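Q: I'd like to ask some things about the structure below.
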Amino acid sequence: MAAELTRDAVFESINSIFTSMLGLELQTSDGAPQSAPGAIKITASVGMAGDWNGTALLECSSEMACTMAGAMLMSEFDQVDDDVKDVMGEITNMFAGNVARLLPGSSALSPPCVVLGSEYSMEILKSRKAVKLPVTCNGKDLLVSVVAGAKG
């Protein structure tokens, strides 16, 4: 029996990756991440299709993405490059896999998609329900989301 997709389940799904793969700890936050005008942010998404359709997303500042990549690859990054994008995609892919195990039936995962920029927004079209969870790590904001897609 699959567990219900709750904020607590979403938090455990992402926090387990941060603690085991990155050696970093997440804390829940009260509000969505705020970025200064023109600040570079990065969003990674992984689609899930099958008995349950939806998308897992991870959004953060470029600085936080560099921190994550540095922790995973044991190196320092001062700007987003292909390695940082790969880490964002891989973390989001692992998160989507954790979420898929909570849902009924089976779902296949898409390859990760990573968007980088300063003035953009992402919307999952025809979505039904979302769990959006603002979290912090080392004082930096992240937004973790799972969006249920339209029924097939």
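Q: For Ala130, list long-range residues whose amide hydrogen, built 1.01 Å from N in the peptide plane, is under 5 Å from its own amide hydrogen.
A: Amide H to amide H, under 5 Å and 5 or more residues apart or across chains, Ala130 pairs with Ala148.
Q: Separation of the range 86-148 and the range 41-72 by C-alpha centroid, Å?
A: Going from one Cα centre to the other spans 5 Å.
Q: Simple spin-label model, 7 Å along Cα-to-Cβ: Ser127 to Ile40 in nm?
A: According to this spin-label approximation, the distance is 2.5 nm.
Q: Which order results if Asp86, Asp78, Asp51 are arranged by neighbouring Cβ count within 10 Å, fewest first?
A: Asp78, Asp51, Asp86
Q: Can you pull the one-decimal nm distance between simple spin-label points at Ser110 and Ser29, each 7 Å off the Cα toward Cβ?
A: Spacing of the two 7 Å Cα→Cβ label points: 2.5 nm.
Q: Picking from Ser61, Thr19, Ser121, whose Cα lies most toward the positive end of the charge dipole for the chain (charges on Cβ: Lys, Arg +1; Asp, Glu -1)?
A: Looking along the dipole axis, the top candidate is Ser121.
Q: Please report Asp81, Asp141 as a ranked list, fewest other C-beta atoms within 10 angstrom at the top and most at the bottom.
A: Lowest count first: Asp81, Asp141.
Q: What's the longest bit of the chain with no exposed trypsin sites (Lys or Arg not before Pro), using DSSP loop states and at most 15 other Cβ atoms within 10 Å as the test?
A: 1-125
Q: Please order Met74, Met68, Met94 by the number of other Cβ within 10 Å, starting at the fewest.
A: Listed from fewest to most nearby Cβ atoms, that is Met74, Met94, Met68.
Q: For the chain, compute the number of Lys pairs whose alpha carbons are separated by less than 15 Å, excluding pairs fewer than 8 positions apart on the same chain.
A: Final tally of qualifying lysine pairs is 4.
Where a number appears in this text, it was derived from the coordinates with a stated rule and is not lab data. Note that the structure is predicted; figures quoted are calculated from it, not measured. Here Cβ is always computed from backbone atoms with ideal geometry, including for glycine, and neighbour counts include all displayed protein chains.
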